[in-house]
Amino acid sequence: MNIILIGFMGAGKTTIGRLLAEKLHTEQHDFDKIIVEQIGMSIADYFASYGSESFRKIETKVLEQSLTLDGIISTGGGIVMKKENQHFLQGHPNVIYLKADLDELVHRVVLDKRNVRPLASSKSIDEIREVYLPRISLYEKSANLVIDTTTKKPEDIVQEILDKVEVFQ
Ligand code: S3P
């Protein structure tokens, strides 16, 4: 059994995934981390050398392989970009969309000084908005549960998920 977290960059997929896994005494599987281990370089370097299409293919493979994983899965923000991934997510019973207002997402991404996101680092708010807007409906369509995280603390978001997701009760 696993729970999949989706949402835009800065939505909290990694942080909430870690806290949720701790609370449930289970594993967290972070797609970006798994991919970095497989490709042997940073995602930014991979995008620069091989392009986003190639990255998306790896991401789809990792998603397909995740069927056998137990625990909490933190996806990358672009997981909803491919049709086959959308179908996979729509057929999965436990997909949670961590949603937040764009201003808040940008604020969180800017605060994250790791500079690891090729689609956000050194981009203007307008450019990030262009990436974000077409994705909103894809996140919504792909999830069974939507949690607005805009003004909430991570611990409260985790509690809300525990309260709302039947599989934990
Ligand atoms: C991406 C989001 C990133 C990472 C890659 C592409 C995206 O993950 O997978 O940089 O297209 O939104 P996070 O959402 O964990 O930052």
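State yes or no: is R129 closer than 26 Å to N85 by Cα, open to solvent by 30 Å² or more (accessible area, probe 1.4 Å), touching a residue at least 12 places away in the same chain (Cβ under 8 Å) and not aromatic (F, W, Y)?
yes
Evaluate the following for K83: is it under 20 Å from N144 (Cβ atoms) and either surrounded by fewer than 17 Cβ atoms within 10 Å (Cβ to Cβ) or of a type in the set (S, T, N, Q) (or both)?
Answer is yes for this residue.
Looking only at region 1-35, which residues are more than 26 Å from I128 (Cα to Cα) and in contact with a Phe, Trp or Tyr (Cβ under 8 Å, 6 or more places away or on another chain)?
Passing the criteria: only L24.
Here is a yes/no grid of residues against (1) within 14 Å of the ligand (Cβ to nearest atom); (2) modelled with pLDDT of 95 or more:
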position	(1), (2)
G51	yes, yes
F55	yes, yes
E59	yes, yes
M81	yes, yes
N85	yes, yes
N94	no, no
Y97	yes, yes
R108	yes, no
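Starting from region 21-33, keep only residues that are within 16 Å of the ligand (Cβ to nearest atom), then list their pairs with residues that are assigned to a helix (DSSP H, G or I) whose Cβ atoms are within a distance under 6 Å, requiring at least 6 positions of separation or different chains.
Q28/G17; Q28/R18; Q28/A21; D30/T14; F31/V62
If V165 satisfies all but one of (1) among the β-branched types (V, I, T); (2) within 16 Å of I6 (Cβ to Cβ); (3) within 16 Å of the chain's Cα centre (by Cα), what's the number of the condition it fails?
So V165 meets the others, but not (3).
Identify, please: which residue in region 115-126 is among the hydrophobic types (A, V, I, L, M, F, W, C) and within 10 Å of the ligand (Cβ to nearest atom) and is, among those, surrounded by the most Cβ atoms within 10 Å (Cβ to Cβ)?
Ranking the qualifying residues of region 115-126, first place goes to A120.
For region 34-49, which positions are more than 10 Å from the ligand (Cβ to nearest atom) and in a helix (DSSP H, G or I)?
Passing the criteria: I34, E37, Q38, I39, D45, A48, S49.
So, in region 43-98, exactly how many residues are closer than 18 Å to A21 by Cα and of a type in the set (A, V, I, L, M)?
Total meeting the criteria: 7.
Please state which of the following conditions L162 fails to meet, knowing it meets all the rest: (1) surrounded by fewer than 17 Cβ atoms within 10 Å (Cβ to Cβ); (2) hydrophobic (A, V, I, L, M, F, W, C); (3) within 12 Å of the ligand (Cβ to nearest atom).
Going through the list (1) surrounded by fewer than 17 Cβ atoms within 10 Å (Cβ to Cβ); (2) hydrophobic (A, V, I, L, M, F, W, C); (3) within 12 Å of the ligand (Cβ to nearest atom), L162 breaks only (3).
Looking at region 1-20, which of its residues are open to solvent by 50 Å² or more (accessible area, probe 1.4 Å), under 19 Å from L111 (Cβ atoms) and either more than 11 Å from the ligand (Cβ to nearest atom) or part of a loop (DSSP other than H, G, I, E, B) (or both)?
R18, the sole residue that qualifies.
The values are calculated or read from the model by the stated rules, or taken from the named source; none is laboratory data. Since we're looking at a predicted model, the values are computed, not measured. Here Cβ is always computed from backbone atoms with ideal geometry, including for glycine, and neighbour counts include all displayed protein chains. Calculation scope for accessible area: heavy atoms of the full protein, side chains included, ligands and nucleic acids excluded. Shrake-Rupley method; radii C 1.70, N 1.55, O 1.52, S 1.80 Å.
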